[in-house]
Amino acid sequence: MQRYFLNETITDEINLASNQSIFKHFGKVLRARVGTQAEFVDNNRRVVIAEVVTITPESMHLKVINTISAEAELPLEISVVVSPLKNDRSDWFVQKATELGVHHIIFTNMARTVTDWHKQQDKKQLRFQKIAQAAAEQAHRLMVPTVQFIDWQAMIAQPKNLGLVAWEESARAGESANLVQTIREAPHGAKIVLLFGPEGGLTTSEVTELTTSHFISAGLGPRILRAETAPLYALSAVSVLRELI
């Protein structure tokens with residue numbers, strides 16, 4: 001069943017106007033008719049099933065027929081920090097990270113970042129937020145991740161309970177416990193920041209600064225992962241360690 005996010009509190013009915021994106025997709029793309037049902041998530045993460053009662057070219061009226069009790073969010077609040085990626089790889093990354101349960105996606109320029117988004121930043125943020133919403137609806141999540149563009153110092157100052165930085169030198173040295181231990185031992189609801197360098201990797205000075213700011217260096221296994229693959233590896237590990245084991 002199709003799921004939509006409503007930025008309002010749902011009571012017993014839902015009214016949609018023709019200028020709303022939900023009306024355009026549900027009413028025109030999916031061709032909703034009287035009796036057609038869909039799931040809606042309100043701003044309190046309440047999920048309901050609503051059924052179309054009346055529909056005209058200008059509006060749609062639905063009645064709530066059921067409330068769904070389901071937990072689809074990771075038990076940890078995960079922020080993923082990455083460097084801007086080349087071409088359309090960022091679109092793919094935002095989509096997949098959303099499907100895997102990320103709460104916040106943060107793009108930050110790093111010493112070896114090669115992609116310059118400054119002139120396109122506002123446009124890209126709007127695009128990424130739309131991709132995140134579509135992916136969250138498809139994955140039947142209860143929230144849409146935020147997408148931010150912030151500088152290095154602001155990123156380091158982000159509030160967190162725990163921070164992990166994926167560093168290839170840790171993997172080369174055989175470190176393999178920090179990711180698993182940190183995720184397993186984190187209290188429910190903890191704010192965890194996972195940071196991943198650009199294609200050229202993080203510099204030693206960047207890692208030193210992160211360590212000073214209470215980030216823990218962690219290896220991600222013996223294989224070299226692309227900048228957009230490593231965060232998905234880590235998010236999958238979070239799900240396995242906290243939801244499946």
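Brief remarks on what is shown
- Matching option when the condition is at pLDDT 95 or above, under 21 Å from the mean Cα position of the chain (by Cα) and either open to solvent by 10 Å² or more (accessible area, probe 1.4 Å) or of a type in the set (A, V, I, L, M, F, W, C) (or both), among Ala234, Ala227: Ala234
- Counting only strands (runs of 3 or more DSSP E) wholly contained in segment 36-142, the ones carrying 3 or more residues that are under 16 Å from the mean Cα position of the chain (by Cα) and under 30 Å from Pro187 (Cβ atoms) occupy 77-82, 104-107.
- Filtered residue count, segment 143-172, keeping only those that are under 13 Å from the mean Cα position of the chain (by Cα), of a type in the set (Val, Ile, Thr) and in a loop (DSSP other than H, G, I, E, B): 1
Yes or no, residue by residue, for (1) surrounded by 18 or more Cβ atoms within 10 Å (Cβ to Cβ); (2) touching a helix residue (DSSP H, G or I) at 6+ places or on another chain (Cβ under 6 Å); (3) within 30 Å of Thr203 (Cβ to Cβ):
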position	(1), (2), (3)
Thr9	no, no, no
Ile14	yes, no, no
Gln20	no, no, no
Arg33	no, no, no
Val41	yes, no, no
Lys63	no, no, no
Ala72	no, no, no
Thr115	no, no, yes
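- When restricted to residues that are in a helix (DSSP H, G or I), of a type in the set (A, V, I, L, M, F, W, C) and touching a residue at least 12 places away in the same chain (Cβ under 8 Å), segment 218-245 contains 7.
The values are calculated or read from the model by the stated rules, or taken from the named source; none is laboratory data. All of these numbers come straight from a predicted model, not from anything done at the bench. Glycine also receives a Cβ, built like all others from the backbone with ideal geometry; neighbour counts cover every protein chain displayed. Areas reflect the complete protein model, heavy atoms only, side chains present, ligands, DNA and RNA absent. Shrake-Rupley method; radii C 1.70, N 1.55, O 1.52, S 1.80 Å.
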